[in-house]
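Peer 1: A single structure is presented below for examination.
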Amino acid sequence: MPTNPRKPGDGWAGRNLALAVTQTVSHHPTCCNVCGQPFAEGTDYRIWTARYELELEVDRAEASKLQIEHRRHEYLSATCGCGYKTQAMPGHCVDESGWGVALTEWHLCGPRLVSFLVCLALSLRVSRHKIQGFLRDWLGIDLSTGTINQCIHEAGRAVAPVVDGQLISELKAGDLLHIDETPWKEVGQLFWLWVFVSAQRVVYQVGKRHRLVVQQLLGDVFNGFLMTDGFSVYRIFPQRLRCWAHSVRKARALHQCLDIQGQTFGEALLLV
Ligand SMILES: [Zn+2]
């Protein structure tokens, strides 16, 4: 592996120069950007830029195995009869407020490799540093922890419309929805991690400890039942069930308190 001249974690996304290119993909402009005339067969295309991509491939032909493809994407240009030179460009999304990462094909990691990083980081809870070592030892690629972190955040932006639309509408369609929240620190700031769990879907939301978080996700009307603790923000919904685990915890606390009446009531609750 080549030596990364910068510090690990500084966001440098240098490619793995020792890795041979396994595939070359050409991107042609289809028509003139000015007059719209399609480029005919035999057009004189010229390479004007190229990018490299690491992508995870799953070979299922015989025995399943993971392998890394190192692709060179070549972008070509062509000159129209009107005299305008049109260049094929890597795709990208426009900037959106609230996001510090861009969605663009000018990126070292391909979509399947990014999904793999997300799985390691979020489903398996592997640290960025350990992911870096895993990729180096098992797949022979060298990514900085900054690049790995950036991939995970970009994936978050890419799937945001799915979370906002499909997942939340399916969550709201459930008959019973469990909600809870717990402290969550991000960049030294205290937020709250909310979890909304139905029989089929789980949605996590980081935000303030305020009823607006629940309202913005569920709207003003929820036709099913909520199963929650006694936090007052849930009282905006009339159909509520009190979480049994929270009630048992409170009953145990009462049973252990110094007040005799409280002890008796707590004990009675625990026997229910
Ligand atoms: Zn033209």
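Peer 1: If I take R0 = 25 Å and measure r between the Cβ atoms of THR43 and GLU69 in this structure, what FRET efficiency does the formula 1/(1 + (r/R0)^6) give, to the nearest 0.05? Don't skip to the answer; put the middle values down first.
Peer 2: Values: r = 28 Å, r/R0 = 1.13.
Calculated value: 0.30.
Peer 1: Local charge sum around ARG235 (other residues, Cβ-Cβ under 14 Å, Lys/Arg +1, Asp/Glu -1)? Don't jump to the answer; show the numbers that get you there.
Peer 2: Numbers: positive: ARG211, ARG240, ARG242; negative: ASP220, ASP229.
Neighbourhood net charge equals +1.
Peer 1: Amide H of PHE191: which non-local residues (sequence gap of 5 or more, or other chain) have their own amide H closer than 5 Å, using H built in the peptide plane?
Peer 2: Close amide H contacts, sequence-distant or interchain: TRP184, LYS185, GLU186.
Peer 1: Which angle from 0 to 90°, rounded to the nearest 10, does the C-alpha axis of helix 145-162 make with the longest principal axis of the chain?
Peer 2: For 145-162 against the chain, the angle is about 70 degrees.
Peer 1: While we're on this one: By how many degrees, between 0 and 90 and to the nearest 10, does the Cα long axis of helix 260-271 differ from the longest principal axis of the chain?
Peer 2: 60
Peer 1: Relative contact order (percent) for the chain, with alpha-carbon contacts under 8 angstrom and 6 or more residues of separation?
Peer 2: Values: 425 pairs, mean separation 34.5, N = 272.
With pairs under 8 Å counted, the relative contact order is 13 percent.
Peer 1: What FRET efficiency do you get for LEU124 and ALA158 if R0 is 22 Å and r is their Cβ-Cβ distance, rounded to the nearest 0.05? Show your work: numbers first, answer last.
Peer 2: Details: r = 20 Å, r/R0 = 0.90.
Plugging the Cβ-Cβ distance into 1/(1 + (r/R0)^6) gives 0.65.
Peer 1: Can you give the % of DSSP beta bridges in the chain that are antiparallel, to the nearest 5?
Peer 2: Numbers: 33 of 45 bridges.
About 75 percent, rounded to the nearest 5.
Peer 1: Could you work out the helix-only [θ] at 222 nm for the chain, with each DSSP H run of four or more residues adding -39,500 (n - 2.57) and the total divided by the number of residues, to the nearest 500 deg cm²/dmol? Intermediate results must be reported in sequence, preceding the final value.
Peer 2: Details: 7 runs with 70 residues, N = 272.
Taking each H run of at least 4 residues, the total per residue is -7500 deg cm²/dmol.
Peer 1: Which residue, TYR45, SER115, GLN132, has the largest displacement toward the positive end of the dipole of the range 23-162 when charges sit on each Cβ (Lys, Arg +1; Asp, Glu -1)?
Peer 2: GLN132
Peer 1: Indicate, rounded to the nearest 5 percent, the antiparallel portion of the DSSP beta bridges found entirely in the range 23-162. It would help to have the intermediate numbers written out before the result.
Peer 2: Details: 18 of 24 bridges.
If I count the DSSP bridges inside the range 23-162, around 75 percent turn out antiparallel.
Peer 1: Around LEU190, what is the net charge, scoring Lys/Arg as +1 and Asp/Glu as -1 over all other residues with Cβ under 10 Å from its Cβ? Before the final figure, lay out the partial values.
Peer 2: Working: positive: LYS185, LYS208, ARG209; negative: GLU186.
Result for the local shell: +2.
Peer 1: Along its three principal axes, how long is the range 141-272 when you only count alpha carbons? Whole Å, largest extent first please.
Peer 2: 64, 36, 25
Peer 1: Moving to a separate point now. When N is the residue count of the chain, what does its C-alpha Rg come to as a fraction of 2.2 N^0.38 Å? It would help to have the intermediate numbers written out before the result.
Peer 2: Values: Rg = 26.6 Å, N = 272, 2.2 N^0.38 = 18.5 Å.
Expressed relative to 2.2 N^0.38 Å, the Cα Rg reads 1.44.
Peer 1: Also: Go through the range 44-99 and name the GluC sites (Glu not before Pro) that are in a DSSP coil and have 15 or fewer other Cβ atoms within 10 Å of their Cβ.
Peer 2: Values: sites: GLU53, GLU55, GLU57, GLU62, GLU69, GLU74, GLU96; in loops: GLU62, GLU96.
Sites meeting the loop and neighbour criteria: GLU62, GLU96.
Since every read-out is calculated from the coordinates, none of them should be taken as a lab result. What you are looking at is a predicted structure, and each value in this text was computed from that prediction instead of being measured. Counting neighbours? That spans all protein chains shown, and the Cβs are built from the backbone with ideal geometry, glycine included.
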